[in-house]
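The values are calculated or read from the model by the stated rules, or taken from the named source; none is laboratory data. Please read these numbers as outputs of a predicted model, since none were measured by experiment. Positions of Cβ are backbone-derived with ideal geometry, glycine not excepted, and every protein chain shown enters the neighbour counts. Keep in mind that these areas ignore ligands, DNA and RNA; they rest on the heavy atoms of the full protein, side chains included. Shrake-Rupley method; radii C 1.70, N 1.55, O 1.52, S 1.80 Å.
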Amino acid sequence: MFNFKHFFVVVMMVLVGFIGMAAHSDDVSAAQTIRFTSAMHTNKNLTYKGTIKYYVKGDAKKYQADINYAANRWNKALGRKVLRPTNSQSGSRLVFTGTNKLGAGYAGMAEINSGVIALNNSWMNRYSNQKQRAVVIHELGHTFGTKDLYNYPDASLRNTFKKQTIMGGNYSTNIKTFDAKLAKWTLSKTRSMSATEFNHYRSNKGLYYQQMLHGQL
Ligand SMILES: [Zn+2]
C-alpha cells in the first residue's frame, strides 16, 4: 500500500543521510569504520586530576602564541579544558622548550614520562606560522597517550593516516572528528601518573626534563 505521508518521510530521511555524508566527506573517509586499536596508544597520558598544566620555558616564549592556540584547539575538540597554562614549572605536568639540540630529523619531540615537548628551532624558524601551530598540535596529541600513526603497522591505513590525521603527520591545524575521537579514546585507554611516579621520572637524569634543566636539550 502506497501512503504519501510515508513516502515523504522516506525521501526526507534519504536527503538528510546524503547531506550528512556530504558534509563529512573531507573527514577520514572511514572515520566511522576504522577501529581504534592498542597500536594507537601508549600505556599512560600526562593528565593529573583530569588536566595537563603546561609551562612555557623562556626559550620557547617565542612560540607562546602558537602553543596557546594549539592548546585551545585541543580543548575545543575534546569539549573540556584538559590543557591549562601555568606559571609554575614545578607545578606543571608539561614543559615546552625551544632547542637546537634535537635530532635534525625532528621538528618536535614529546617525552611523556617527565613531561616535555621540545620544539626544534631550526625547523620552527623555517616553518610558516600555520606549520608551527600544526607541529605543536601534533606534539600535544602525544600528551593524551596517542602514538604516531605514520608508524602504524598496517600499510594501507598508515598511508590514509599520514594524509588525513593529526597524529599521522598531516600538518593540519584543523582537528577533525577522527582526531578528536582518537584523543578521547586514548585518554580513556591510558592511565595518569601519581605525583610520586611523575616526580620520579622528572628526577631521572636521562629523561628530557633533567636534560633540559642542565642545558643538554
Ligand atoms: Zn609524533
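Protein heavy-atom accessible surface, 1.4 Å probe, per residue over segment 120-217: 47 Å². Please find the FRET efficiency linking Lys81 to Thr196, where r is the Cβ-Cβ separation and R0 is fixed at 25 Å, and quote it to the nearest 0.05. Given R0 = 25 Å and the Cβ-Cβ separation, E is 0.50.
For Arg158 and Asn68, a Förster radius of 30 Å and the Cβ-Cβ distance give a FRET efficiency of 0.45, rounded to the nearest 0.05. Computed over the chain with a Gaussian network model linking Cα atoms closer than 10 Å, the most mobile of Lys57, Lys44, Lys101 is Lys101.
Could you state the number of Å between the C-alpha centres of segment 169-217 and segment 69-112? A separation of 8 Å, based on Cα centres. Once you order the gyration tensor axes a ≥ b ≥ c over the Cα atoms, which shape class does segment 59-120 get: rounded for a/c under 1.5, otherwise prolate or oblate by comparing a/b with b/c? The shape class here is prolate. Here the chain carries DSSP beta bridges of which approximately 30% are antiparallel, counting only pairs with both residues inside. Count Lys and Arg as plus one, Asp and Glu as minus one, and take only other residues whose Cβ is under 12 Å from that of Tyr69; the net charge is then +2.
Considering only the Cα atoms of the chain, their convex hull presents on average a projected area of 15.0 nm².
Run the accessible area of the chain with a 1.4 Å probe and give the carbon-and-sulfur part as a rounded percent. Exposed carbon and sulfur together represent 55 percent of the surface.
The GNM of the chain, with springs linking C-alpha atoms under 10 angstrom apart, assigns the highest mean-square fluctuation among Tyr54, Tyr201, Tyr106 to Tyr106. Helix 155-164 and the long axis of the chain differ in direction by around 80°, with both axes built from C-alpha atoms. Measuring between alpha carbons in the structure, the pairs from Lys81/Lys205; Lys53/Lys181; Lys53/Lys101; Lys176/Lys205; Lys49/Lys176; Lys62/Lys205 lying more than 29 angstrom apart are Lys81/Lys205; Lys176/Lys205.
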